[in-house]
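The values are calculated or read from the model by the stated rules, or taken from the named source; none is laboratory data. Just so you know, these numbers come straight off a predicted model, no measurement behind them. As a convention, Cβ positions derive from the backbone with ideal geometry for all residues, glycine included, and neighbour counts pool all protein chains shown.
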Amino acid sequence: MDARCGGTSEAKDADEEVQKICDEVKSHAEDKAGRKFDVFTAKSYKTQVVAGRNYFIKVHVGEDDYIHLRVFKPLPCAGEKLELHGIQTSKAHHDAIEYF
């Protein structure tokens, strides 16, 4: 699917930028999940171009446990911070990242 048409990109391996996004929203994810994560390592992600960019990120949170995050990153001119728009818990390594 073409990300420029509002769909999500193909899944890519997480990089340093995506890990920084995860680090910034970790406390919000913990609040939404109602638990603390000892491990919080971004593994892969998809993006969606909107008025800014949505990141759909698979995050390893320890043992065989994963969560999926939807994080909105506004355009630089908006000057706003990252927003955690959604979280899916109880995911596995093999679960595909889907739009949510």
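One residue stands out in segment 1-14 among those that are more than 9 Å from Lys46 (Cβ to Cβ) and at pLDDT 95 or above: the one that is surrounded by the fewest Cβ atoms within 10 Å (Cβ to Cβ), namely Asp13. For Gln19, the conditions (1) without any contact (Cβ under 8 Å) to a residue 24 or more places away in the chain; (2) more than 23 Å from Leu75 (Cβ to Cβ); (3) among the polar types (S, T, N, Q) are fulfilled apart from (2).
Of all the residues that make up segment 66-77, how many are in a strand (DSSP E or B) and out of contact with any strand residue (DSSP E or B) (no Cβ under 6 Å at 6 or more places or on another chain)? Going through segment 66-77 one residue at a time, the tally reaches 0.
Only one of the listed residues (Val25, Val18, Val39) is assigned to a loop (DSSP other than H, G, I, E, B), more than 15 Å from Ala96 (Cβ to Cβ) and touching a strand residue (DSSP E or B) at 6+ places or on another chain (Cβ under 9 Å). That residue is Val39.
Out of the residues in segment 84-100 that are under 14 Å from the mean Cα position of the chain (by Cα) and free of Cβ contacts under 8 Å to residues at least 24 places away in the same chain, state the one that is surrounded by the most Cβ atoms within 10 Å (Cβ to Cβ). Ranking the candidates gives Gln88 first. I'm checking my understanding of the structure. Among residues of segment 64-80 that are without any contact (Cβ under 8 Å) to a residue 24 or more places away in the chain and over 11 Å from the mean Cα position of the chain (by Cα), which one is farthest from Glu30 (Cα to Cα)? This residue is Cys77. If you take the residues in segment 67-85 that are aliphatic (A, V, I, L, M) and in contact with an Asp or Glu (Cβ under 8 Å, 6 or more places away or on another chain), which one is nearest to Gln48 (Cα to Cα)? Step by step, filter segment 67-85, then rank; the result is Val71. Residues considered: Val49, Val61. Of these, the only one that is aliphatic (A, V, I, L, M) and in contact (Cβ under 8 Å) with a residue 40 or more places away in the chain is Val49. A single entry from Glu30, Glu80, Glu63 fulfils the requirement of being outside any strand (DSSP E or B) and in contact with a Lys or Arg (Cβ under 7 Å, 6 or more places away or on another chain): Glu30. In segment 15-53, the residue that is surrounded by the fewest Cβ atoms within 10 Å (Cβ to Cβ) out of those that are over 12 Å from His68 (Cβ atoms) and touching a Ser or Thr at 6+ places or on another chain (Cβ under 8 Å) is Arg53.
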